[in-house]
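One structure below.
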Protein chains: 2
Amino acid sequence: MQDRIRNADMFNRLMSAEQAAGLIKPGMTVAMSGFTGAGYPKAVPQALAARMEAAASAGDPFRIKVLTGASTAPELDGALAKVNGMELRLPYQSDPALRERINNGEIDYIDMHLSHVAQHTWSGFFGNIDVAVIEVAGVLEDGRLIPSSSVGNNKTWLEQADKVILEVNRFQPAGLEGMHDIYYGTALPPDRKPIPLIRPDDRIGEPYLRVDPAKIVAVVATDAPDRNSPFSAPDEASQRIAGHLLDFFTNEIKQGRLTKKLLPLQSGVGNIANAVLAALSESGYEDLTAYTEVIQDGMLELIRKGVLKMASATSFSLSAAGMKEFNNNLDFYRTRILLRPQEISNHPELIRRLGCIAMNGMIEADIYGNVNSTHIAGSKVMNGIGGSGDFARNGWLSIFMSPSTAKAGSISGIVPMVSHVDHTEHDTMVIVTEQGLADLRGLAPKQRAQLIIDRCTHPDYRPMLQDYFDRAKRESYGKHTPHLLNEALSWHQRFIETGSMHHYPVGALSGGTR
Amino acid sequence: MQDRIRNADMFNRLMSAEQAAGLIKPGMTVAMSGFTGAGYPKAVPQALAARMEAAASAGDPFRIKVLTGASTAPELDGALAKVNGMELRLPYQSDPALRERINNGEIDYIDMHLSHVAQHTWSGFFGNIDVAVIEVAGVLEDGRLIPSSSVGNNKTWLEQADKVILEVNRFQPAGLEGMHDIYYGTALPPDRKPIPLIRPDDRIGEPYLRVDPAKIVAVVATDAPDRNSPFSAPDEASQRIAGHLLDFFTNEIKQGRLTKKLLPLQSGVGNIANAVLAALSESGYEDLTAYTEVIQDGMLELIRKGVLKMASATSFSLSAAGMKEFNNNLDFYRTRILLRPQEISNHPELIRRLGCIAMNGMIEADIYGNVNSTHIAGSKVMNGIGGSGDFARNGWLSIFMSPSTAKAGSISGIVPMVSHVDHTEHDTMVIVTEQGLADLRGLAPKQRAQLIIDRCTHPDYRPMLQDYFDRAKRESYGKHTPHLLNEALSWHQRFIETGSMHHYPVGALSGGTR
């Protein structure tokens, strides 16, 4: 392990995960590394969960507040949720066990813009950070840290925590060294200066994380891979969504609003995002750039093919195959990928300046273009807003994508009124489903509504939605954004009561996207 | 008029407003100056309205698309709305006649972030700009323009319009010359650079507007004041809101999150904003700054008293008395006020960097902190989002203020679910009513809800809201953001049907704020 922990003083602080976890006490606020299942601590949270379970069995509940970069993995969120060891969680999660506890009302969850976490922490809104648990790939002779497969909020956690526990994971390739760009120029107002980044590939910081060695109370050696992010071949609906989006790009280029190099891409993760990236790789584009949060398999492939010149992100989210490809060709990728703190990857100033093309999934949109990214039926949180608001609000193009139906047709992705708003009608520019694409820019509310109904709605739901809109235009209190308030959320209520948003039973529907 | 039109070539293009209006044809897209009732053209729109009325009488409807900076005045929006001469209007309005036509469904209105207008225009989403009608205070020998009492989108209109009609208004004080800072460094991506503004008083541009002289098809001489923005002494509710806000600032300073110089203030207009400014002027603050959209009477007074060192804005909105004070002391104010294009006053990059304290009114908030700034009962637009989203989304503090009830208690400012979302739960930090202040930062949804119910709700509505929340916590589909979807909008529906959101008749309510 001495090759990874080159500082003798740190090497001497090596201890077991169980010993390190013993430094975490009930009620503490613990900030951990981790972003989309990469670079999270793998040993201490599990050892902590074991202690929590033992404490709970002894009738002595042991719960903490957990802050991270974004989502983690079963070894962290899953393990702590299973033993009911979290009283508060932020700023993003995607773990099934944790989600269930949140929606049972057992855990408070603050679902917030990823770009806001650092400044809110500095302001003390989450209280004092007692301990940070940070995975790194190594420790230099001088005590600086080689970041792991995600950066997330690690710079902030290391600065703000009273004590630091390091997990040095030798499974993370040594070749990660040099891929990171940690910017130490941020400040709180009134001391903020322009951030000197003009192109996605600008290096503005340094490759290592700084830490006050006096804070480091434990070093734990680990040797375990990041969570695999399963990658499945795009399904037909995703491919059709990607097709509509590529046609849209073609037209933007034709209209002179984009060049063939497009603008820096931001892409969420998942099946649709993969389909879009795959379509881009087959459409003759080259020398594109990405300024995004996450490098997923599809993006790696775009880099390999030269479609993508480089990608700036804060984290990886790779499948086993993707990880192998990356590790086998690290020297190639190291010059084409930059990992930055999420404060910088998601910074409003930079997203506006670069003019990112923000492409994110959604749960549902309504006829006026309001988008729900977070809540099922207005009350049950799915994952969280993540960075979608950072990119949609300040980017050049805000694109939201979803199949037009879900759950065998029982849920429509387009509804009269969304049950929760994460992106307002003022911020949404393009809505895409496998049915088609609605470009909302420059349109007034009723124009947007008719376009979304015509282009994006599934045929099973289109007559219902047209009927709602037609009656609303006649009967609404105001005719600027016509709505029938006693019906606006009735589709969701019907879903809660009957399992389907549709009047007809699910069996009578066409059963999915077409 | 030669003192104001110092360029001989321009002087020779002088013509009557009727002649100039004759250059505007049905169906044209016309971009006009004007922001919060300042610096709008005063003669051509009225002459145009007369032509439209004549045309309509002859059975030949004459309508145009109208783009401005923000709201204008009876001579523009009022006159054109009266003759039904607009088919489309953007990006903001506050005229009663226009509002009525919009809510009757007769005019399409695009209610958009003021910071988005310039880049959307450059991208062509509003089509070709046929004519710009711009009020200026004068024309220099070399043809550059002395801007008027607002800048708004004038730089963009002058650049993008095919033809330009100038109104040279000699009523605007000659001393305005030198107060403006027109930045010519913006670009479309990928050519954007950091905007070199670090303090609200940084000058980054030039004092004059540039225009291609070949575009100027008419110059019209006018001599008329801007619309008076009535200023009334703050009522009791506004004073109590201001009191809560000042206590909040005091505590922020105590907590070390703000210094005694606060951070650059952004303030909406109206009674509550005036009360807040008045309270600031009596609380021992000095050397504050403002980075905002509008200079209203209260801000002028803060500057006069030295409480405010300087203010950066894009427009004035003064009462007759305020205008007199300003004109009589122009040399004093000229060194303490900068007027910039709204692209810069509302720029996300600058608002985030400066860390603006965004203080805006609202129509209603819901228990989770979602804010409705635009729609009555979800369908009837009031004014528009204006710059509130620009400042709330990227500022340091986003504060929304409203009396806890309206219309003699028949409307609650706090509702179970807002009927329209302009600012999401992710963006709202502080809610204030005369009842109290809720600081939502660092709180999960259910914590926010209880705080808003306890602190901000009127006693007449508090039991109803608590009852909703309690039942929602028990019966909601998900318990993360508990809602009862068949009741969530019932308060608004009851208001539509009965004239009151309350179960009890209005006469039985306490009749307003207390």
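On the principal axes of its Cα set, how long, how wide and how thick is segment A:372-514? Give whole Å, largest value first.
Computed over segment A:372-514, the largest-to-smallest principal extents equal 42, 36, 28 Å.
Kindly write out, for segment B:97-104 in residue order, the coupling ³J(HN,Hα) from the Karplus curve 6.51 cos²θ - 1.76 cosθ + 1.60 (θ = phi - 60°), rounded to whole Hz, with x marking Gly and Pro.
5, 5, 4, 5, 5, 4, 7, 7
Specify the inter-centroid distance of segment A:413-445 and segment B:354-426, based on alpha-carbon positions, in whole Å.
A separation of 21 Å, based on Cα centres.
How high is the relative contact order of chain A, given as a whole-number percent (alpha carbon pairs under 8 Å, six or more residues apart)?
Taking the mean separation of contacting Cα pairs over the length of chain A, I get 13 percent.
Quick one: 3J(HN,Hα) in Hz for segment A:13-24, Karplus 6.51/-1.76/1.60 with θ = phi - 60°, rounded, Gly and Pro as x.
These are the phi-based 3J(HN,Hα) values: 8, 4, 8, 6, 4, 5, 4, 5, 4, x, 7, 9 Hz.
Note the angle between two axes, namely the Cα long axis of helix A:445-456 and the longest principal axis of the Cα atoms of chain A, as a number of degrees from 0 to 90, rounded to the nearest 10.
On a 0 to 90 degree scale, this one is about 80.
Once amide H atoms are placed 1.01 Å from N in the peptide plane, what residues at a sequence separation of 5 or more from A:Tyr291, or on another chain, have their amide H within under 5 Å of its amide H?
Here A:Leu265, A:Gln266, A:Ser312 satisfy the definition.
Within a 10 angstrom radius of the beta carbon, how do A:Ile376, B:Ile204, A:Ile351 rank from fewest other beta carbons to most?
Neighbour counts put them in this order, fewest first: B:Ile204, A:Ile376, A:Ile351.
With both partners inside segment B:105-176, how many of the DSSP beta bridges are antiparallel, as a percent to the nearest 5?
Once the DSSP bridges in segment B:105-176 are tallied, antiparallel ones form about 40 percent.
Tell me, in nm to one decimal, what length is gained between A:Lys261 and A:Glu236 on full extension, where the rule is 0.36 nm per residue of separation less the Cα-Cα distance?
6.3 nm
From the label point of B:Glu236, set 7 Å from Cα along Cα→Cβ, how far away are the matching label points in the other copies, in nm, ordered shortest to longest?
Label-point separations across copies, in nm and ascending: 6.8.
Measuring from a point 7 Å past the Cα of B:Arg304 along Cα-to-C-beta, which residues in segment B:153-179 have an amide N at less than 19 Å?
Backbone N within reach: B:173, B:175-176.
Please give the charge dipole size of the protein assembly as shown, origin at the Cα centre, charges +1 on K and R Cβ atoms and -1 on D and E Cβ atoms. Round to the nearest 20 debye.
Here the size comes out at about 340 debye.
Count the DSSP beta bridges whose two residues both fall in the protein assembly as shown, then state the antiparallel fraction as a percent rounded to the nearest 5.
Around 25 percent antiparallel, to the nearest 5.
Farthest toward the dipole's positive end in chain A, which of A:Ala320, A:Ile110, A:Ile337, given Cβ charges of +1 (Lys, Arg) and -1 (Asp, Glu) about the Cα centre?
Farthest towards the positive pole: A:Ile337.
Going by amide H atoms built from the backbone, whose H comes under 5 Å of the H on A:Thr29, apart from near neighbours?
Under 5 Å from the amide H of A:Thr29 lie the amide H atoms of A:Lys65, A:Asp130, A:Val131, each far enough along the sequence or on another chain.
Between the label point of A:Pro213 and that of the same position in each other copy, find the distances and list them shortest first in nm, with every label point placed 7 Å from Cα along the Cα-to-C-beta direction.
With the label placed 7 Å along Cα→Cβ, A:Pro213 yields 7.1 nm.
Which net charge results for the neighbourhood of B:Thr259, defined as the other residues with beta-carbon distances under 13 angstrom from its beta-carbon, given Lys and Arg at +1 and Asp and Glu at -1?
In short, 0.
Specify which residue in the list A:Ala278, A:Asn251, A:Leu263 is farthest towards the positive end of the charge dipole of segment A:222-291, using unit charges on the beta carbon of Lys, Arg (+1) and Asp, Glu (-1), about the Cα centre.
A:Asn251
Of the DSSP beta bridges with both residues in segment B:365-468, give the percent that are antiparallel, rounding to the nearest 5.
Taking every DSSP beta bridge with both residues in segment B:365-468, the antiparallel ones total about 65 percent.
How big is the charge dipole of segment A:11-151 about its Cα centre, in debye rounded to the nearest 20, if each Lys and Arg gets +1 on its Cβ and each Asp and Glu gets -1 on its Cβ?
Around 80 debye, computed over segment A:11-151.
How far is helix B:462-475 tilted, in degrees, relative to the longest principal axis of the Cα atoms in chain B, given as a value from 0 to 90 rounded to the nearest 10?
70
Roughly what angle does helix A:44-57 make with the longest principal axis of chain A, taking Cα atoms, 0 to 90 degrees, to the nearest 10?
The angle comes out at about 80 degrees.
Just list whichever of A:Lys261/A:Lys324; A:Lys479/B:Lys25; A:Lys163/B:Lys473; A:Lys309/B:Lys163; B:Lys193/B:Lys309 have alpha carbons separated by over 31 Å in the model shown.
A:Lys163/B:Lys473; A:Lys309/B:Lys163
Find how many whole Å separate the alpha carbon centroid of segment A:331-348 from the alpha carbon centroid of segment A:253-305.
A separation of 16 Å, based on Cα centres.
With only Lys, Arg, Asp and Glu charged, each at its Cβ (+1 for the first two, -1 for the last two), find how big the charge dipole of segment A:104-165 is about the Cα centre; round to the nearest 20 debye.
That gives segment A:104-165 a dipole magnitude of about 180 debye.
Between A:Gln435 and residues 5 or more places away or on another chain, which pairs have amide H atoms under 5 Å apart, with H built 1.01 Å from N, and which residues are they?
Amide H neighbours of A:Gln435: A:Ser404.
Would you please classify the overall shape of segment B:286-379 from the alpha carbon gyration tensor, given that a ≥ b ≥ c denote the square roots of the eigenvalues, rounded means a/c under 1.5, and beyond that prolate means a/b larger than b/c while oblate covers the rest?
Judged from the Cα gyration tensor, segment B:286-379 comes out prolate (a/c at least 1.5, a/b above b/c).
Over all directions, average the projected area of the Cα convex hull of the protein assembly as shown and note it in nm².
For the protein assembly as shown, the mean projected area of the Cα convex hull comes to 39.7 nm².
Place the label 7 angstrom along Cα→C-beta at B:Ala56 and in each other copy, then list the distances from the first to the rest in nm, shortest first.
Relative to the other copies, B:Ala56 has label-point distances of 6.9 nm.
As a footprinting exposure proxy, order B:Ile303, A:Ile357 by other Cβ within 10 Å, with the fewest listed first.
B:Ile303, A:Ile357
Enumerate the calculated ³J(HN,Hα) couplings along segment B:128-144 in order (Karplus 6.51 cos²θ - 1.76 cosθ + 1.60, θ = phi - 60°), each rounded to whole Hz, writing x wherever the residue is Gly or Pro.
6, 8, 6, 9, 10, 10, 10, 7, 10, 8, x, 10, 6, 3, 8, x, 5
With a cut-off of 8 Å between alpha carbons and a minimum separation of six or more residues, what is the relative contact order of segment A:379-514 in percent?
Here the relative contact order equals 28 percent.
Tell me what chain B gives for mean residue ellipticity at 222 nm when only DSSP H runs of n ≥ 4 count, each as -39,500 (n - 2.57), the sum divided by the residue total, rounded to 500 deg cm²/dmol.
-8000 deg cm²/dmol
With an 8 Å cut-off on Cα pairs and a minimum separation of 6 or more residues, tell me the relative contact order of segment A:270-380 in percent.
Relative contact order here is 22 percent.
Between segment B:311-327 and segment A:88-103, what is the separation of their alpha carbon centroids in Å?
Centre-to-centre (Cα) distance: 51 Å.
How do B:Ser476, B:Ser16, B:Ser123 line up, fewest other C-beta atoms within 10 Å first?
Ascending Cβ contact count within 10 Å gives the list B:Ser16, B:Ser123, B:Ser476.
Please say if chain A is rounded, prolate or oblate, where rounded means a/c under 1.5 for a ≥ b ≥ c the square roots of the C-alpha gyration tensor eigenvalues, and otherwise the choice is prolate for a/b larger than b/c and oblate otherwise?
Cα axes put chain A in the prolate bin.
Every number here is computed from the coordinates shown, using simple stated rules; none is lab data. Remember, it's a predicted structure, so these values are computed and weren't measured experimentally. Every residue, glycine as well, gets a Cβ built from its backbone with ideal geometry; the counts of neighbours run over all protein chains shown.
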